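The values are calculated or read from the model by the stated rules, or taken from the named source; none is laboratory data. Since the structure is predicted, the reported quantities are computational estimates derived from the model, not experimental observations. All Cβ positions, glycine included, derive from the backbone under ideal geometry; neighbour counts span all protein chains shown. Just so you know, the surface numbers come from the protein's heavy atoms only, side chains and all, with ligands and any DNA or RNA stripped out. Shrake-Rupley method; radii C 1.70, N 1.55, O 1.52, S 1.80 Å.
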Amino acid sequence: MEAIGVLMAGPMSPYLEQELDKRFKLFRFWKFPQKTEFLKENSNSIRAVVGYTTAGADAQLIDSLPGLEIVASYSVGLDKIDLEKCKEKGIRVTNTPDVLTEDVADLAIGLILATLRKMCECDRYVRSGLWKKGDFRLTTKFSGKSVGIIGLGRIGSAIAKRAEAFGCPISYFTRSEKPDSEYKYYPNVIDLASNCQILIVACPLTSETCHIINREVINALGPKGILINIGRGPHVDEPELVSALVEGRLGGAGLDVFEHEPEVPEQLFGLDNVVLLPHVGSATVETRNAMADLVIGNLEAHFLKKPLLTPVV
Ligand code: NAP
């Protein structure tokens, strides 16, 4: 397989890069500032693209690679891949489901606890010596709070299971009610937001779910409500979120993802009711290696003409 050209869209994982380099003819796209020139010279030999949350395969890239057979994403989210274009051209697509579910669900619970119990601020309080001048102020309890989840798939369900262990009543919104679920279903986001204290975004980013968290939803969640986003940044209308937090129309937010990563609205830096993470939902050594192994497994399966491990298209 050493002659097969694989284009890595960005520097996503040194382990994956090293393993791809051992098996294929690897092109590191980010190392070529002159993209057009690079594609002119190499497009005919590239048969696979490895994408991730920052860069995938849009229509322009797909059209410029006449020999492209497969896009293997080092992520479960597919929002950076033009799926319709891939279907149209018979290009296979794979992602990395399941192996990252636990980490992302763990992080969602961590974000809830960090936001309500002000764990990051508490840490700064101790480090800066302020504790010696007096105790930290009281915070807000998590156990027993009602939790609403947008997207009750692999990750949403894993978050629900964890929140249940904290004695939280669970409700959710998805396009179709899940018949096997005992959680309360709301057929729209506004009703879900009006009826929970903690609202968690755990659905894929699509044209339907872009800005699913808008002014109306934020106002429905209210001044004591907490928003947790472990989905994708564009799920949230960020200027609306910032103004709601600044004006006290929303109680707080725990955010792993942002609309224009790695840019984060500076107004959030001064707020003590937010916890800000640099998109690290699946970022543990164990999970990232498992994701890399899935990417490699899918590429090898494809080029050996075996069934793909985690096919999407
Ligand atoms: P999944 O198993 O496919 O579940 C998706 C859920 O979202 C399903 O319950 C689906 O139900 C629901 N959904 C889809 N479209 C919807 C819509 N328009 N409105 C409301 N609900 C909708 O996906 P997953 O593995 O749980 O992953 C979910 C997302 O998490 C990924 O797409 C990714 O963007 C994000 N993620 C983030 C990180 C991170 O690092 N922060 C890591 C991994 C994944 P219906 O089909 O019935 O609507």
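Points worth noting:
- As a fraction of the 1.4 Å probe accessible area of region 201-313, surface on carbon and sulfur atoms comes out at 56 percent.
- In angstrom, the C-alpha Rg and Dmax of the chain are 21.3, 68.
- Straight-line cross-link reach from K89 at under 16 Å between alpha-carbon atoms covers these aspartates and glutamates, not counting any fewer than eight positions away in the same chain: D58, D63, E69.
- Percentage of interatomic Cα-Cα distances in region 101-276 larger than 30 Å: 14 percent
- The three principal axes of the C-alpha atoms in region 174-250 carry coordinate ranges of 40, 25, 18 Å, sorted with the longest axis first.
- The Rg/Rh ratio for region 216-313, using Cα coordinates for both the radius of gyration and the Kirkwood hydrodynamic radius, is 1.18.
- Violating pairs (Cα-Cα greater than 27 angstrom) within the set K80/K184; K145/K178; K31/K80; K133/K224: K80/K184; K133/K224
- The magnitude of the dipole of region 1-141, with charges of +1 and -1 set on the Cβ of Lys/Arg and Asp/Glu and taken from the Cα centre, is near 660 debye.
- Tail weight of P(r) past 27 Å, computed on alpha-carbon pairs of region 1-130, percent: 34 percent
- DSSP bridge orientation in region 101-276 - percent antiparallel, rounded to nearest 5: 5 percent
- Here region 5-111 carries DSSP beta bridges of which approximately 0% are antiparallel, counting only pairs with both residues inside.
- Within straight-line cross-link reach of K132, lysines at Cα separation under 22 Å, skipping those fewer than 8 residues along the same chain: K118
- Projecting the Cα atoms of S181, T140, A202 onto the dipole axis of region 129-214, where Lys and Arg carry +1 and Asp and Glu carry -1 at the beta carbon, places T140 farthest toward the positive end.
- Note on region 243-291: Cα Rg divided by 2.2 N^0.38 Å, N the number of residues, gives 1.41.
- Each Lys and Arg Cβ is given +1 and each Asp and Glu Cβ -1; about its Cα centre, region 101-276 then shows a dipole of about 780 debye.
- Note on C210 and D272: with the Förster distance fixed at 25 Å, the Cβ-Cβ geometry gives a FRET efficiency of about 0.30.
- Heavy atoms of S176 accessible to a 1.4 Å probe, total area in Å² rounded to 10: 60 Å²
- Debye, to nearest 20: dipole size of the chain, +1 on Lys, Arg Cβ, -1 on Asp, Glu Cβ: 520 debye
- Listed peptides 130-139, 188-197, 232-241 appear in the order 232-241, 188-197, 130-139 once ranked by packing, highest mean of other Cβ atoms within 10 Å at the front.
- Highest GNM mean-square fluctuation among F32, F303, F24, for the chain modelled with Cα contacts below 10 Å: F32.
- The chain, accessible area per residue, ligands and nucleic acids excluded (1.4 Å, Å²): 49 Å²
- Nearest-0.05 FRET efficiency for D58 and K22, computed from C-beta distance (R0 45 Å): 0.95
- Mean separation of Cα contacts under 8 Å (6+ apart) over length of the chain, as relative contact order %: 17 percent
- Antiparallel bridge percentage (DSSP; both residues within the chain; nearest 5): 5 percent
- Of the residues H211, A114, G222, the one whose Cα sits farthest toward the positive end of the charge dipole of region 101-276, with +1 on the Cβ of Lys and Arg and -1 on the Cβ of Asp and Glu, is A114.
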